[in-house]
Amino acid sequence: MVRFALTIVRHGETRYNKDKILQGQGVDEPLSATGFRQADAAGIFLSNVKFTHVFSSDLLRAKQTASTIIGKNKFCKDIVIQYDARLRERKYGIAEGRPLSDLKAMANAAGEQCPSFTPSGGETLDEVRTRAKNFFEFLCQLSIEEECQKEQAVPGMAGNGLETLEGKPVFPLRNHCCGLELNSDTGKDTKMLNPNILVVSHGAYMRNWFGYFVLDLKCTLPSALKKSQLSSVSPNTGVSHFIINLGNGDVIKPEISCICLNRDDHLADVNTENV
């Protein structure tokens, strides 16, 4: 059995986020001062998590967020962040660099609803979902291959990315995510929870990815989660956490449990009035 943990974080605020201007892929803005404070807060919140892999969109706002989060980590400051174009924001074509209100006007003129409307030169939701599906299946395959390598090296032994250097399982979300504990399983199951992956991406992309989890892969959700939350874009540096069970290496039909979605508890002391 192969199980792994997946933590997905949206990038911090940029000045375009603040001004409600679409960035997509064509506008590569850096984080604002508030965005860096948000990333610092997320990094502190996740500082006790021993990530085994870190992936980020190759757009600047995501790269800066990932670097800041890892810079606060107690166990993996030197981990190599892998940048992947599959994690980029949805491409908005001619709407990029323009106010969100312009996109809504375009959709209205076409007789369509936002966000399903695709402006000229932009990606359809199906195209974005295909990107997300491709990347997720890559993560699943990575986890399977690494588990096989560990079994070959030391039969019966599996690592646990959720353990500190002292061997104690830690994850801050276990006390914050709808009353669920990440490591409440038996010791045997906990040892099989590997790797522990951090992904930093973008709002519209993440919403589509989560939709794929729920609609296509039948991801189980916390009982307290409202349906409206599924269609909402994550706040800047919002944290979502999932446990993926691949059974006997089944990449096609993984079992996914959502521990929490778009949580922003760590931003309580950050000035986010313009996020």
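The values are calculated or read from the model by the stated rules, or taken from the named source; none is laboratory data. Note that the structure is a prediction, hence the values are computed from the model and not measured. Counting neighbours? That spans all protein chains shown, and the Cβs are built from the backbone with ideal geometry, glycine included. With ligands, DNA and RNA removed, areas are computed over all heavy atoms of the protein, side chains included. Shrake-Rupley method; radii C 1.70, N 1.55, O 1.52, S 1.80 Å.
H176 falls short on exactly one of the conditions (1) more than 25 Å from V270 (Cβ to Cβ); (2) open to solvent by 30 Å² or more (accessible area, probe 1.4 Å); (3) of a type outside the set (D, E, K, R); (4) at pLDDT below 65, and that condition is (1).
Would you check if I94 is over 18 Å from the mean Cα position of the chain (by Cα) and of a type outside the set (S, T, Y)? So I94 passes the test. Applying a threshold of 9 Å to beta carbon distances and a minimum spacing of six or more residues, or different chains, the list of pairs starting in the stretch 41-54 at a residue that is over 11 Å from K74 (Cβ atoms) and ending at one that is among the polar types (S, T, N, Q) and open to solvent by 10 Å² or more (accessible area, probe 1.4 Å) reads A42/T68; H53/Q82; V54/Q82. The residues of the stretch 46-68 that are farther than 24 Å from L142 by Cα and open to solvent by 30 Å² or more (accessible area, probe 1.4 Å), listed by number, are L60, Q64.
Being among the small types (G, A, S), assigned to a helix (DSSP H, G or I), open to solvent by 60 Å² or more (accessible area, probe 1.4 Å) and modelled with pLDDT of 90 or more is the requirement here; does S143 meet it? Judged against the criteria, S143 is not a match. Look at the stretch 4-26: where a residue is more than 26 Å from F136 (Cα to Cα) and part of a helix (DSSP H, G or I) and a partner is of a type outside the set (S, T, N, Q) and open to solvent by 10 Å² or more (accessible area, probe 1.4 Å), sitting 6+ places away or on another chain with Cβ atoms under 6 Å, you get Y16/E29. Counting only residues that are surrounded by 17 or more Cβ atoms within 10 Å (Cβ to Cβ) and touching a residue at least 24 places away in the same chain (Cβ under 8 Å), the stretch 99-114 holds 1 of them. Figure legend. Inter-residue proximity from the stretch 117-128: first residues within 22 Å of F213 (Cβ to Cβ) and open to solvent by 20 Å² or more (accessible area, probe 1.4 Å), second residues at pLDDT below 95 and not basic (K, R), beta-carbon distance below 8 Å, spacing 6+ or different chains. Indicated pairs: L125/P115; L125/S116. Among residues of the stretch 206-255 being over 21 Å from S57 (Cβ atoms) and assigned to a strand (DSSP E or B), the one that is least open to solvent (accessible area, probe 1.4 Å) is I243. Taking first residues from the stretch 242-261 that are modelled with pLDDT under 80 and partners that are in a strand (DSSP E or B) and open to solvent by 50 Å² or more (accessible area, probe 1.4 Å), the Cβ contacts under 8 Å between residues at least 6 apart in sequence or on separate chains come to G247/E255.
Just to verify a result, which residue in the stretch 8-45, among those that are among the hydrophobic types (A, V, I, L, M, F, W, C) and under 25 Å from G121 (Cβ atoms), is surrounded by the most Cβ atoms within 10 Å (Cβ to Cβ)? If we take residues in the stretch 8-45 being among the hydrophobic types (A, V, I, L, M, F, W, C) and under 25 Å from G121 (Cβ atoms), then L22 is surrounded by the most Cβ atoms within 10 Å (Cβ to Cβ).
Across the stretch 27-42, the number of residues qualifying as over 16 Å from G238 (Cα atoms), in a helix (DSSP H, G or I) and among the β-branched types (V, I, T) comes to 0. For the stretch 70-78, the condition holds for at least one residue, the condition being that it is assigned to a helix (DSSP H, G or I) and either touching a helix residue (DSSP H, G or I) at 6+ places or on another chain (Cβ under 9 Å) or open to solvent by less than 20 Å² (accessible area, probe 1.4 Å) (or both). Within the stretch 51-91, the residues that satisfy the criterion of being under 28 Å from C114 (Cβ atoms) and aliphatic (A, V, I, L, M) are L59, L60, A62, A85, L87. Is it the case that some residue within the stretch 53-61 is in a strand (DSSP E or B) and of a type in the set (A, V, I, L, M)? Taking every residue of the stretch 53-61 in turn, at least one turns out to be in a strand (DSSP E or B) and of a type in the set (A, V, I, L, M).
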